[in-house]
1. Is one or more of the residues making up the stretch 41-54 more than 23 Å from LYS155 (Cα to Cα) and of a type in the set (Ser, Thr, Tyr)?
2. Kindly evaluate ASN33 against the criterion of being among the polar types (S, T, N, Q) and on the phi > 0 side of the Ramachandran plot.
3. Is there a residue in the stretch 13-23 that is open to solvent by 40 Å² or more (accessible area, probe 1.4 Å) and in a strand (DSSP E or B)?
4. Report the residue count in the stretch 320-330 for those that are part of a strand (DSSP E or B) and among the small types (Gly, Ala, Ser).
5. Among the listed residues ILE252, ILE205, identify the single one that is closer than 30 Å to SER31 by Cβ, touching a Leu at 6+ places or on another chain (Cβ under 7 Å) and among the hydrophobic types (A, V, I, L, M, F, W, C).
6. Might you check whether a residue that is of a type in the set (S, T, N, Q) and free of Cβ contacts under 8 Å to residues at least 60 places away in the same chain occurs anywhere in the stretch 289-305?
7. When you scan the stretch 205-240, how many residues do you find that are touching a residue at least 40 places away in the same chain (Cβ under 8 Å) and either surrounded by fewer than 16 Cβ atoms within 10 Å (Cβ to Cβ) or outside any helix (DSSP H, G or I) (or both)?
Amino acid sequence: MFALIDMNNFYANCERLFQPELRGRPLIVLSNNDGCAIARSDEAKALGVKMGQALHLIPPAVRRQLAVRSANFALYGDISARIGTILREAAPRIETYSIDESFLDLQGMRDRTRFAFDLRARVQRWTGIANCVGIGPTKTLAKLANYVAKSAVRKPGSYPASLGGVANLAEMTTADLYTILRATPVDEVWGVGRKWGARLQEMGITTAADLRDAPVSLVLERFGVVLARTQQELAGSPCIDLQEVEPDRQQIMVSRSFGAKVGEHEAVFQALATFAVRACEKLRQRSLTTAAVGIFVGTDVFDRGPFQHFPHRSMNLPAATSDTRIVLEAVRQMHRGMLKPKTLYKRAGVWLMDLARPQVLQRDLFGDGRVGDDELMAAIDAINNRWGRGTIGVAASGWAARPQWAMRQRHLSRRWTTSIAELPVARC
């Protein structure tokens, strides 16, 4: 038996925690470079602001009513970690599905609905973040139950009001469960999405109940085993277990759009070096090594001028490593001669490939199959973890300087919980 707890309008509500003047106001949170809306309060949704809508495309009359904030991922990550601590104390097994969603294993619990109400209230009381909980015998049904719990509050009449906040599909009769599935559009089922949803609707499968009751052979033939597994989960047969430990990644990518167009080749290299440093930090956090590196840069795709350029290169390393200096040297080699003169670049990125744990690397006669200074990298990571990212860095990245390509974050709130200099002040 599974539960899914999902925070309501997570980014927007994190901003409201320390800025009470935002409560009740239409609020949106923007993506990197203050481009598009990536989170909206219920009030902003009521004004018609769409997810992913560019700020400059929002009608001026609506924009004037909005409170706007740049994405503050340091704040969101810290609040998410605090919520994770509460959940781990409440349930024996959890899976962190995203920054604002977690699955919980409720096996063995007697009154699961009471547990869900208590957990929902505890998370809101201890962190200030409103949330909803869905319960089902499979992860897909728990996800669907969470959708029901939210919709019953946001869209009165869409589902019974008694399911608002907490919905337990496992306690329903067969007839009541069918009614719920019948009222749920098929593209709201976890794992279906818009593309498959459109194809299913063309076949007359418009609701979750239709998908559950469709011939298995038809689903297998048209969509394959992935959707067939979703269908089995809708029928109450668990096919997807909790993933308490994140599986090893096959690739790590760090990329950004620049805050301004950049024509200086050295500035573009500094951006690539910065992304390589960050990618290597992520690599070491997961105790992995890389054996290949790739880079890319690009001009502004929205610029319709004739000077468009999107080069990319990759290379294999002589041996697997997690040493930033070796990866940086590879980036430097690939960067040489890659850019065109008098061309303005808008984005760049670095990706690490052929990732593996050191224990499984192919050894040779003279070593363990890897190169680099692990102790030096561990010391650098320890300093940055203790004193904050960027305390110590590499000069190639233009470390500690305000780069030309830095992201626009004109509406960034303070780091209320992660910076001693930016703690909120209470005046009595």
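The values are calculated or read from the model by the stated rules, or taken from the named source; none is laboratory data. None of the values given here were measured: they were computed from a predicted structure. Glycine also receives a Cβ, built like all others from the backbone with ideal geometry; neighbour counts cover every protein chain displayed. For accessibility, only protein heavy atoms count, side chains too; no ligands or nucleic acids. Shrake-Rupley method; radii C 1.70, N 1.55, O 1.52, S 1.80 Å.
1. The answer is no; no qualifying residue exists.
2. Yes.
3. no
4. Residues flagged as part of a strand (DSSP E or B) and among the small types (Gly, Ala, Ser) within the stretch 320-330 amount to 1.
5. Checking each option against the conditions leaves just ILE252.
6. Within the stretch 289-305 (the criterion being of a type in the set (S, T, N, Q) and free of Cβ contacts under 8 Å to residues at least 60 places away in the same chain), the answer is yes, since at least one residue qualifies.
7. 5
Here's the yes/no breakdown for (1) closer than 20 Å to SER98 by Cα; (2) assigned by the TED database to the domain that holds LYS346:
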position	(1), (2)
GLN232	no, no
PRO247	yes, no
PHE258	no, yes
GLY263	no, yes
THR290	no, yes
GLY298	no, yes
